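Notes to accompany the following structure.
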């Protein structure tokens with residue numbers, strides 16, 4: 001079956017099969033968070049993005065192979081609710097944005113800055129620091145050498161707009177500037193977007209609406 005990115009809490013994972021990378025997306029409750037398991041097809045090494053909730057669901061998805069690392073996209077509690085259980089069960093190395101690490105109650109092994117590379121097997125993910133939803137939010141970009149880019153945006157970019165900046169004009173300006181410059185400004189329309197909640201999108205779908213988002217202020 002073709003990958004759609006449409007998943008539901010309690011339902012099965014949806015798997016996006018790329019030439020070098022397998023991406024499994026699952027939804028977990030109670031806030032309908034997305035978690036993404038990445039597996040390098042050459043080495044079988046695995047990385048989890050956002051151990052959000054339901055540790056049993058995530059550990060079942062991970063399977064007996066375990067994970068080498070887990071990346072937390074930002075410090076909000078609904079994105080690390082199962083982190084302690086997952087780390088305890090797998091011994092995974094933890095990554096988070098430098099400015100958000102203190103807000104995550106599980107110690108961060110590797111503090112991530114803009115442009116840092118995080119590896120899963122032979123696959124490289126580039127971190128982009130996007131300020132506004134939180135001070136240290138990061139997105140992860142996989143520039144597929146066999147096709148278009150893929151970007152895991154946490155709560156910084158969704159279908160229909162950027163993440164919540166809680167009616168703070170400065171935070172909104174910062175976030176939309178970073179998203180425009182570091183995501184839309186550097187990646188092509190075909191880039192697939194995997195957000196922290198809800199359905200996926202592409203940059204081409206969202207790009208025509210950037211001015212509208214700026215005008216409305218959210």
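Based on C-alpha pairs under 8 angstrom that are at least 6 apart in sequence, segment 85-218 has a relative contact order of 18 percent.
Taking the DSSP bridge list for the chain and keeping only pairs wholly inside it, about 70 percent are antiparallel.
Ordering 69, 174 by the number of other Cβ atoms within 10 Å of each residue's own Cβ, fewest first, gives 174, 69.
Among 42, 82, 92, the largest mean-square fluctuation in a Gaussian network model of the chain, built with springs joining Cα atoms closer than 10 Å, belongs to 42. Looking at the chain, the pairs of alpha carbons with a distance over 32 Å make up 10% of the total.
Show that you can apply the helix-only estimate: for the chain, add -39,500 (n - 2.57) for every DSSP H stretch of four or more residues, divide by all residues, and state [θ] at 222 nm to the nearest 500. About -4500 deg cm²/dmol. Ranked by how many other Cβ atoms sit within 10 Å of their own Cβ, fewest first, the residues 126, 134, 60 fall in the order 60, 126, 134. Ranked for footprinting exposure by Cβ neighbours inside 10 Å, fewest first, 87, 28 give 87, 28.
Cα centroid separation, segment 8-84 to segment 86-143: 14 Å.
Just so you know, all these numbers are worked out from the coordinates, no wet-lab data involved. Note that the coordinates shown come from a computational prediction; the quantities given were computed from them, not determined experimentally. Reconstructed Cβ throughout: ideal geometry from the backbone, glycine too, with neighbour counts over all protein chains shown.
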